[in-house]
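Undergrad: First, the structure itself, so that you have it in front of you.
The values are calculated or read from the model by the stated rules, or taken from the named source; none is laboratory data. Bear in mind that the values here come from a model prediction, so they are computed numbers and not experimental data. Ideal geometry is used to build each Cβ from the backbone, glycine not excepted, and the neighbour counts take in all protein chains shown.
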Amino acid sequence: MKNPFTGYFFFVLFGLVCMGHLVGHAAQKVAKEEQKVSTISIQSDFLEADADKRVIEFYGTVMAKMNDFELQSERLWVYPKAKAQKTEKDWGIERIVAQGKVVIKRVTGEVIEAERAIYFVDKDQIEITGNPVLTRGPDSIRGEKIEVFLKENRIKVSSKGSEKVTAIVRSVSRTGEKGD
């Protein structure tokens, strides 16, 4: 005699196998997205690497190109992650510090000038200090500190003490339209 639950059992088992496959596929896709490979190209007049201090210093005329922006400065320090392994696959950069006549050109068209910038690679965030000014066309924003959140495509400008954030926005009005 045939058990009536056999068909139901195989139906549920088939459903669980399919669900497991879909969840596994989604997890692999998320893992691939989290392992985004970024290429950073740095050119400079001089380079010094100090294994004991775990830092690589570039100085002279420094030009760095990343996925979302280009950076120019007089000095640039690259700090590897604390738990960097010996294989290239596991190696990574924790942060990049630029100092001296820093100019950042974003792919979105903004240009930021300051004395110091720190790029936090994992957060995909840039913290800019030292009289930072962000310009886009004729518009500009100035403050004590500018933070650029690259993943979110947003910025935050803050001030300190009695100083205020200053934004200059030029609007264009059309002439010759009805009502003028």
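Undergrad: Taking segment 113-139, which residues are within 21 Å of LYS65 (Cβ to Cβ), free of Cβ contacts under 8 Å to residues at least 24 places away in the same chain and of a type in the set (A, V, I, L, M, F, W, C)?
TA: Selection gives ILE118 alone.
Undergrad: Quick check: is even one residue across segment 142-149 in a loop (DSSP other than H, G, I, E, B), out of contact with any Pro (no Cβ under 9 Å at 6 or more places or on another chain) and assigned by TED's automatic domain parsing to the domain that holds VAL62?
TA: No: zero hits.
Undergrad: Anything in segment 159-180 that is surrounded by 12 or more Cβ atoms within 10 Å (Cβ to Cβ) and either in a strand (DSSP E or B) or modelled with pLDDT under 90 (or both)? List them, or say none.
TA: Those that are surrounded by 12 or more Cβ atoms within 10 Å (Cβ to Cβ) and either in a strand (DSSP E or B) or modelled with pLDDT under 90 (or both): THR166, ALA167.
Undergrad: Still on this structure, please answer the following. Of all residues being closer than 15 Å to LEU71 by Cβ and at pLDDT below 95 in segment 140-154, which is surrounded by the most Cβ atoms within 10 Å (Cβ to Cβ)? Just the residue, please.
TA: VAL148
Undergrad: Next question. Does segment 28-41 include one or more residues that are under 21 Å from the mean Cα position of the chain (by Cα) and modelled with pLDDT of 85 or more?
TA: Yes, segment 28-41 contains at least one residue that is under 21 Å from the mean Cα position of the chain (by Cα) and modelled with pLDDT of 85 or more.
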